[in-house]
Amino acid sequence: MLDQEIIGLFWQRDEQAVAETNAKYGKYCRRVAANILGSREDAEECVNDTWLKTWNAIPENRPTYFQGFLAKITRNLALDRWKRQTARKRGRGAAALALEELEECVSGSSNVELEYEARELYRAIDSFINALPEKEQYVFVQRYFYMEAVQAIAESLQVRDNHVSVILSRTRKKLRRYLQEEGYEV
Amino acid sequence: MKKEELLDAIGKISSETVERNSRKSQEIRAQRRVSWGRWVAAAAVAVMVGAGLFSYRQLLPREDGAVQEWKGDGQLLSSREAPFGGDWEKPEEKAPFVEISTLLAHSGSGNTMEELALRMVQVNLGQYGAQYEEVAAISSEALEKARGEALEEEEGWYRLSGHEDLQYLIHASEQGDTLWKFGWFRSEEYPYRDVLHYIYDVDSGDDIQAVLLTAADMDNSDAGKKLQEEIGEYEIRDQEALKQLYDILCSMTCYGQNRWDLIDYGGNDEGMVESVRAGRYLAIETDKGIVIDALKYTAVSGMFYEYCGVAYSRLSAEEKETVDRLFRIEVPEEGESTGAADGEDSLREYDSVEDLLQDSWAVVKGRVLEADSGNVRSYIYTTYQVEVLEVLYGSMEEGIIAVNMPGGVLAGEEAREMVAEVTEGKDAGDIKNIGNASSAGNTDRLLAVGDETYLFLVSEPEDAFGAVGGYCGEALLEDGNVLLDSSIAGFGEGISVEGFQGGRMPESDFREALEELAAGKEAADPYS
């Protein structure tokens, strides 16, 4: 079924929408969640939450990019879940590693308290990502959005791990410079 | 900003960006798997269309990101689930990567290089026929084990294991396996971009990790070798520089082999020293672990070329300027002195202290009061103010003399070390603006303020008095010894006068030897 047909089902409040979404993007979303949570069971629960959130969200929104829309919901739900888990027990995993890497882009003190500032920040990051060369953009999003392991990205590109690490390091430095230029205190 | 806020913000990027990236993921996988096959298929299409057999294969991404393989007549051949849409596809098990250095034989084993140089073959690689030259390998058995993916369009030909590039191929035959290296495409003109892409698997500046530059070696006279040593070797690792170089390489057109008529790297009856100065040989290291070692560059005509007369289009003035800068090539304008290696303009070299003394109008012992280094066209010139403590030979009236110490050009790690040494260990004035330090000159023995030294003073055309020798002339005092290093004083293989061999002797012996040499000699006229 085409994405727009599935979205139409959501609009009509037809529960078949969830079944169709699960059939088409279930495994994809489970993969996104599993990257962050590292557990099949947690990923499954997270994806169920994704369907619920999508069900609630779509009457207000009509996403043009349905797959990206689902990925964002899944990723952010998984990240919230991961934060709750790590608050109880110090965990590691892909998200922790990605967080450590991003530390070099920022100072650690919060200055993004207002909703407006937060919205501007992700817009700035979106612009930054879209201005990156194709390969760097791919590597950056795979690592920090999907939280893919460096090895998995290297294998998908058929390059050495070190090459991906170099791209990531260079891009993080670029991001730090970019955020500074945009007026963020990093 | 906190890292958590940054991670959250990345999670809110537009759905369009996320979705585009997801689709890119599918494309990359599909492209990597069929990149070679598609190239061959494209050539096959051209043939088959003519024969009315339109049956090419096409890979089309589906809306959900899966990849479907279609024939030209619309028949679906296969369909692969997208990695995100279907089961997460395990990465294909990669064959072990074979380093070419483990297969290459040193000269003397197996066939000689001379014999192998005659064995060339054309391998059809889709749109191009490529000329390959056999190279000596350690053994047929080792090559058999190192076979990678078979070429679809040429039976019996294999990539190296773990390689996607085509720089080296293995050919299997009843006589055993042999190793072949890419030379050029058999085409009158082709873009070098195609060579980088198809042969070396290089598609952007990011795919290049470093470029090692070495001096051109077309002149092996003493002067040519000396200049080669001065130029030495150095690496480019700066990513911006590598991108610039990649773009320039991609812009070039290759005109195939045996085009010496197009290649001009200078040279005349008097030798090719200037060709050495303007030439660099490249070793381009890619991120996949291969080294492209075929390209040579000459600033004489601003062009790249290769072994066997493989010629490339000349660079534009702007491109040439960029490459010359990246390669640290400075070719003097017509009529301009090149300094050290030049003929009449350069300072005279001496074979012995006796000869040196013959030209000197004084030999003095002095103490350095001031030192100031500067950079003139990448040459270091250091000016010292030296207080004369004692006159050992000739006549000397001034209490303080100015001494010019010309240097030479040096680059790379050696230069950095030297500058660091000078900066940290010697008070030689302001050298911040020195891009290159001197190797053949005296910079490695730069005098510091307070140092004592013996100076052989010879006349210079201008007012300043220069220390003598090929590049220098000071006899540095260090720990009670006089250093008269042959490389410093320009004495070639060494100093022939008794007692000076090795370039180091006690100060008392130096003075005694000098006294003996000076006896009966008449000092030169400083104003003649």
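No value in this document is a laboratory result; all are computed from the given coordinates. Model, not experiment: these values are computed from the prediction.
Quick notes on this one:
- Vicinal HN-Hα couplings computed from phi for the stretch A:150-167 (Karplus, 6.51 cos²θ - 1.76 cosθ + 1.60; Hz; Gly/Pro x): 4, 4, 5, 5, 4, 5, 5, 8, 6, 10, 7, 3, 4, 5, 5, 4, 5, 4
- Here's how it looks for B:Ala105: its modeled amide H is under 5 Å from those of B:Ala136, B:Ala137, B:Ile138, which are all 5 or more places away or on a different chain.
- In order through the stretch A:38-45: 3J(HN,Hα) via Karplus (6.51 cos²θ - 1.76 cosθ + 1.60), integer Hz, x for Gly, Pro: x, 9, 5, 5, 4, 5, 4, 4
- Residue-wise HN-Hα couplings along the stretch B:156-173, as the Karplus relation 6.51 cos²θ - 1.76 cosθ + 1.60 with θ = phi - 60° gives them from phi, are x, 10, 10, 6, 6, 4, x, 9, 9, 7, 10, 4, 10, 10, 10, 10, 9, 8 Hz; Gly and Pro carry x.
- Amide H contacts of B:Phe185 (H built 1.01 Å from N, in plane; Pro and chain starts excluded): B:Gln131 sit under 5 Å, all sequence-distant by 5 or more or on other chains.
- Amide H contacts under 5 Å for A:Glu148, placed H, 5+ residues apart: A:Arg143
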